[in-house]
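I have placed the structure first, in the form of structure tokens, so that the comments after it can refer back to it.
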Amino acid sequence: MNLLVRFPLPPVIINRQTRIPVPRAKSIESSSLMDQPKKVIVCGGGVIGVCTAYFLAEKGAAVTLIEMSDVACAASGKAGGFLAYDWCDGGPLEELARASFNLHRSLSEKLDGPRSYGYRALTTLSLTVRESERASASRFLPSWIDGPARSPKTIGTPETTAQVHPQLFTRTLIDRAVEMYGVKVEIAKLERVEVEEGRVGSIVLEGGRELEADAVVLAVGPWSSKLGLISSLFRVYGLKAHSIVLEPRDGSSITPHALFLSYHSSSSGGALDPEVYPRPTGEVYVCGMSKEEEVPDDPAEIRGNPESIAMLKRVAKTVSSHLGEGEAGLKAEQACFLPCTDDGIPVIGEVPGVKGCYVATGHNCWGILNGPATGASLAQLILHGHSTIVDLKRFTPSRFLLPSNP
């Protein structure tokens, strides 16, 4: 039986026409913070910004979140929401990914994740699919996977892989931050960060309104490239990823198995690597077909490339007759931009030469997974000067600085 996911209420929005102070938080941990909570502005309403705002406010900071369009309107609302405990092992993201996977689990317990945003553990399979081969049933596969799938391999168990509905997760988290910790959300476009004598003092929004702050977090994903303060230090580019969301008529037959495919089309040369994620809402999310493109100024301007969307529909119906036209409704066809760095590692830390200004971006396809640990560790860095959750040294933006000449 499918689990019905409850849609959260929209976050509280503030919209004032004059210079506004950042509000005091409702819940303060220490006596020093209670006297004067640190005022922090978080720019960006995606999963990274929202997680940062949540953990900052939980620890006693007075937080305002600035988002130019809507919370989780871009990649954080259109991603797959796949979580993996150990898939980053052996690389620079190992500690971050493991910590964040565990934080997702604890957040789910605290926020009723299964009902609020579709959190669940699941089994993950890799499959080879060739359009040129005939479909045949396999006792090693769930019955709904009835296409020409071969070489099934379990690459994730319910102990090591899980999922969330990313938009519902992000919006649930900001709703709770508003309700429990007094976070304020404002829909406005960031124009610039005001820096005085090497320290951040405020931000200026489009239209000239100025908001004072003790610290500012820039968590604007692929739009980081639009900010001179960031682009002067390192490059963040957008990887355009496509997806479709299907609603099978018989959703109860779709089991919780995430699929990672090596897909061989009869009309193309190399293999494609699409992914298929059934959700507890009864939907099935299919994604892939990514390439680097210029990021538009407005998230609302993003449209999927027709040929990429057509290929994902083709993948879906080939993998399962339950996902073909006539058997499944098309709920969404969409695209989003994943923020990437040239060295493939996220950037998390204080901006060199600008005290009180922090950046968190470049998480590529692991933004939903690594959002909680990024937000929690950055909150510790801002409020206490260091992080005990994750060692942030490998993610510092200072790594992009050229060595000084002797």
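The values are calculated or read from the model by the stated rules, or taken from the named source; none is laboratory data. Quick caveat: nothing in here was measured; it's all calculated off a predicted structure. Virtual Cβ from ideal backbone geometry, glycine too; neighbours counted across all protein chains shown. We work out accessible area using only protein heavy atoms, side chains counted, and drop any ligands, DNA or RNA first. Shrake-Rupley method; radii C 1.70, N 1.55, O 1.52, S 1.80 Å.
Using only DSSP helix segments of four residues or longer, with each worth -39500 (n - 2.57), what per-residue ellipticity at 222 nm results for the chain after dividing by its residue count and rounding to 500?
-7000 deg cm²/dmol
Each label point is 7 Å from the Cα along the Cα-to-Cβ direction; what then is the distance between the points at Glu131 and Asp343, in nm?
Each label point is offset 7 Å from its Cα along the Cβ direction, giving 4.1 nm.
If a/c stays under 1.5 just call it rounded; otherwise compare a/b with b/c (prolate if a/b is bigger, oblate if not). Do that for region 80-139, with a ≥ b ≥ c from the square roots of the Cα gyration tensor eigenvalues.
oblate
Beyond 39 Å, what percent of the Cα pairs of the chain remain?
Working: 15407 of 82215 pairs.
Considering the chain, 19 percent of its Cα-Cα pairs are separated by more than 39 Å.
Using a 10 Å cut-off on Cβ atoms, rank the peptides 373-386, 298-311 from the highest mean neighbour count down.
My ranking of the peptides, most packed first, is 373-386, 298-311.
What order, most packed first, do the peptides 392-400, 210-218 have when packing is the mean number of other Cβ atoms within 10 Å of each residue?
With the highest mean Cβ count within 10 Å placed first, the list reads 210-218, 392-400.
Let me know the shape class of region 262-340, please: from the alpha-carbon gyration tensor, a ≥ b ≥ c as square roots of the eigenvalues, rounded when a/c is under 1.5, otherwise prolate if a/b is greater than b/c, or oblate.
oblate
Using a cut-off of 9 Å between beta-carbons, work out the net charge of the residues near Leu261 (Lys and Arg +1, Asp and Glu -1, Leu261 not included).
Charge balance in the 9 Å sphere: -2.
Counting other Cβ atoms within 10 Å, which trypsin sites (Lys or Arg not before Pro) in region 59-138 have at most 13 and lie in a DSSP loop?
Arg134
For the chain, return all DSSP H helices satisfying: extent of Cα atoms along own axis at least 18 Å; mean Kyte-Doolittle hydropathy at least 0.0.
Those that pass (Cα extent of 18 Å or more, hydropathy at least 0.0) are 306-319, 367-384.
Taking a threshold of 21 Å on the Cα-Cα distance, which of the pairs Lys291/Lys313; Lys39/Lys59; Lys78/Lys240; Lys38/Lys78 fall above it?
Lys38/Lys78, as the Cα separations exceed 21 Å there.
On a straight-distance basis, which aspartates and glutamates could pair with Lys226 in a cross-link, Cα separation under 15 angstrom, same-chain partners fewer than 8 positions away excluded?
Partners within reach: Glu67, Glu191, Glu206, Glu293, Glu294, Asp297, Asp298.
What does the charge count around Phe101 come to, taking other residues whose C-beta lies under 12 Å from its C-beta (Lys +1, Arg +1, Asp -1, Glu -1)?
-3
Which whole-number value in Å² is the accessible area per residue of region 94-141, probe 1.4 Å?
In whole numbers, region 94-141 has 49 Å² accessible per residue.
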